[in-house]
Amino acid sequence: MSRLQLAHLTFIGTDVPPASLDFGSEMTLVRGPSDTGKSFIVNAIDFLLGSGGLKDIPERAGYSDALLGLVLASGQTVTLQRSVRGARRIGLFHSDIRNGPLPSPDEWLAPKHGESSLSTYLLDILGLAGRRVRTNLNNSTTELSFRDIAHLTIVDESQMQSETPPALKGRYTTKTRELSVLKLLLQNEDDSEIEEVAPRQEVKKLSAARVDVVDRIIEDVAERLDGAPDVDQAKAQLDRISKAIEDRSKSLQEWTKRQDLVATSKVRNQTRLRANRLRAAETSTLSGRFALLQTKYESDLARLETIQEAGNLLGYFTKGACIFCGAEPEHQHNNVHHGDTTHLSESVRVEMEKTRQLLDDLLITLDDLKDSQQNLQVDADALRQEIKREDQILIEMEESIRPHRVGLGELLTARSSLEQIVGLHEQISKLHMMRVEVAAEMTPGVAEVGSGMDIRPVNEFSQEIAKRLKAWGFPDSAHVRYDRTAQDIISAEQLRSDHGKGVRSILHAAFTVALAQYCFDRDLPHPGFIVLDSPLITYRAPDASETDGPDRDVATAFYNDLQHNFDGQVIIMENTDPLEDLEVATVDIQFTHLLGTGRYGFFPTTVG
């Protein structure tokens, strides 16, 4: 998308030296004391771009013509020429002109929009020629003029501090047109396709009917408020009840915390009791199994003792003649008498000893299990007693909490009723405002188009504004937004118009910078340059010390951001000096207001 750059502003005349100022392609800062011509430069740029008049200041004496150099997208420089007396024609030179005497222009352009006008010439360069914007309630449209855009890119000091929203000029009858222009820039969507609606008389009838409907709704809401306290009384009662609810809630929270602690302890004890029962069951099972093993060991011992006694009685385990064949020991043979009978006796003895040892160990284990069962039973009894005690505590707590809960419920019911009353009062207030707005629509030539803006571009534009303010160190920038209903910036839950002039200035600057960058990022039509007059001088952050001049941190961040993060041309007029060195690409022009020291002001001489 084509853009423009301002190359220079020059005043020439007879017997006076040219007064000229060259602008950088990126940022130009013109700084110095008051009455050195800074605001006049802004006025002169606007004048050469088609505004109605040029300020008549003493320093201008002797100068007859003003020249404005423009750099086109092709790189060509053209020059606009206009008589300081505001002649009916504006000269266009297809070259860079900075000195007189002036030759005849290559073209003559009319200052007001129309065929062969400056406006048509500029809009054609920007790709906006022929666009139409809505002007009133009847959907009447008119062709876009460059003057419809100029106030969005050239912002003088009075605009910067004005309570009027940045997109508007402050005239009620042109509000619809100005908002249509903003919609055109944000959405690249004009109003050429909308159809003109009913005649004015029909609109009046329709508006009157809508007023009647609103009146009926107001009456219905008023009936619902019959006998209710007024809005101030309701709000006062609501504040008191809200405080009581807060106090009651805190008390309940303390009770609930104590209740939770007891309940948590009870759950832990119940878990321990279940584990105790499981352990007791396991112990009982082991005891049963070990009892069976004990019986087996005792049976084995009895059997071995029987074997031993029988062997002794029969003499089987005694040395001497073989009981089977009568052979004497010296005549006995292992292969015949099956070994020494004393070996069997020893085996029976060893087996009995081993079985007794196992039985003894088993009895010790059984005693341990019995002790464990007794301990588990003791622990289980203690846990049951503790759980029972905690149950009783929870019951007592619940009885103590119940009145608090009942009281809180009553307070919540009362608060809900009062909130409904306050809501009805606010509804009536909004209905009265709606009635005023509907009645205002009966005034010819005025309509709102804010609702015609799409929410997505408005949200993205809000984000761009917040992004700029964050980069500048503006407090709570994340909650700054552009409201399409109010058509103004909202900061700290207040409209820009409700803030002081310092905040109004910085917010207006953010609006202008953000709108330009929004268009650049999306390749949407925009003049390509912005001119800001005194955006910082009156702003001071809430925590800033009482020093002269603007907030130091914000000023430094402001210049850094525009030098590094703005893709167009920006020209700034300020009274104070920057606190840090500017970039090499930045054109820094200082006016001293001191004769013989530096550059006095825009004009090389002054009238003494």
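Rule-based calculations on the coordinates, nothing more; no lab input. Note that the structure is a prediction, hence the values are computed from the model and not measured. Glycine gets a Cβ as well: all are built from the backbone with ideal geometry, and neighbour counts include every protein chain shown.
Would you please classify the overall shape of the stretch 77-124 from the alpha carbon gyration tensor, given that a ≥ b ≥ c denote the square roots of the eigenvalues, rounded means a/c under 1.5, and beyond that prolate means a/b larger than b/c while oblate covers the rest? Before the final figure, lay out the partial values.
Working: a/c = 2.31, a/b = 1.40, b/c = 1.65.
It comes out oblate by the Cα gyration axes.
Separation of the stretch 38-116 and the stretch 241-307 by C-alpha centroid, Å?
Cα centres, the stretch 38-116 to the stretch 241-307: 97 Å.
Cα axis of helix 552-565 to longest principal axis of the chain: angle in degrees, 0 to 90, nearest 10?
Approximately 80 degrees, to the nearest 10.
Restricting to bridges with both residues inside the chain, how much of the DSSP beta-bridge set is antiparallel, in percent to the nearest 5?
Values: 33 of 51 bridges.
In the chain, DSSP labels about 65 percent of beta bridges as antiparallel.
According to the Cα gyration tensor, what semi-axes, each the square root of 5 times an eigenvalue, does the equivalent ellipsoid of the stretch 33-158 have, listed from largest to smallest in whole Å?
On the way: eigenvalues 135, 77, 36 Å².
Square roots of five times the eigenvalues give 26, 20, 13 Å.
What FRET efficiency, computed as 1/(1 + (r/R0)^6) with R0 = 22 Å and r the Cβ-Cβ distance, is obtained for Val406 and Gln385, rounded to the nearest 0.05?
Numbers: r = 33 Å, r/R0 = 1.49.
FRET efficiency, Val406 to Gln385: 0.10.
Any lysines with Cα under 29 Å of the Lys38 Cα? List them, leaving off those in the same chain fewer than 8 positions away.
Partners found: Lys55, Lys112, Lys169, Lys467, Lys470, Lys501.
Straight distance only, please: which aspartates and glutamates reach the Cα of Lys266 with their own Cα at less than 20 Å, same-chain residues fewer than 8 apart left out?
Glu254, Asp379, Asp381, Glu386, Glu390, Asp391, Glu396, Glu398, Glu399
Please work out the C-alpha center-to-center distance from the stretch 121-181 to the stretch 479-517 and express it in whole Å.
Each part reduced to its Cα centre gives a spacing of 18 Å.
When the Cα centres of the stretch 562-608 and the stretch 383-437 are compared, how far apart do they sit, in Å?
A separation of 64 Å, based on Cα centres.
Any idea what angle helix 231-314 forms with the longest principal axis of the chain, computed on alpha-carbon atoms, 0 to 90 degrees, nearest 10?
So the inclination is approximately 20 degrees.
Starting from the Cα gyration tensor of the stretch 15-103, take the square roots of the eigenvalues, sort them a ≥ b ≥ c, and report rounded, prolate or oblate (rounded when a/c is under 1.5, otherwise prolate if a/b is larger than b/c, else oblate).
Numbers: a/c = 1.57, a/b = 1.12, b/c = 1.40.
Since a/c reaches 1.5 but b/c is at least a/b, the shape of the stretch 15-103 is classed as oblate.
Compute log10 of I(q)/I(0) for the chain with the Debye formula, placing one identical point scatterer on every Cα and leaving out solvent, at q = 0.09, 0.10, 0.12 Å⁻¹, to two decimals.
-0.89, -1.00, -1.23
Grab the DSSP H runs of the chain that are 4 residues or longer, score each as -39,500 (n - 2.57), total them, divide by all residues and round the 222 nm result to the nearest 500 deg cm²/dmol. List each step's numbers first, then the result.
Working: 12 runs with 307 residues, N = 608.
Counting only the DSSP helices, I get -18000 deg cm²/dmol.
Which ³J(HN,Hα) values, rounded to whole Hz and listed in residue order, are derived for the stretch 9-22 from phi using the Karplus coefficients 6.51, -1.76 and 1.60 in 6.51 cos²θ - 1.76 cosθ + 1.60 with θ = phi - 60°, glycine and proline given as x?
Once rounded to whole Hz, the list reads 10, 9, 10, 10, x, 7, 6, 9, x, x, 9, 9, 9, 8.
Any idea what log10 I(q)/I(0) is at q = 0.08, 0.11 Å⁻¹ for the stretch 231-435, Debye with uniform C-alpha scatterers and no solvent?
Calculated log10 I(q)/I(0) at the listed q: -0.64, -0.82.
Under the definition of Cα pairs under 8 Å and six or more residues apart, what whole-number percent is the relative contact order of the chain? Could you put the intermediate results ahead of the total?
Working: 895 pairs, mean separation 151.4, N = 608.
Relative contact order for the chain comes out at 25 percent.
By the gyration tensor of its Cα atoms, with a ≥ b ≥ c the square roots of the eigenvalues, what is the shape of the stretch 106-192: rounded for a/c under 1.5, prolate for a/b over b/c, or oblate? If you can, show how the numbers build up before the last one.
Values: a/c = 1.85, a/b = 1.23, b/c = 1.51.
Here the stretch 106-192 falls in the oblate category.
For the Cα atoms of the chain, what angle does the longest principal axis make with the long axis of helix 455-471, in degrees from 0 to 90, nearest 10?
Between helix and principal axis, roughly 90 degrees.
So which lysines pass the test for Lys430, namely a Cα distance under 18 Å, with those fewer than 8 places away in the same chain ruled out?
Of all the lysines, those that pass the test against Lys430 - Cα under 18 Å, at least 8 places apart if same chain - are Lys235.
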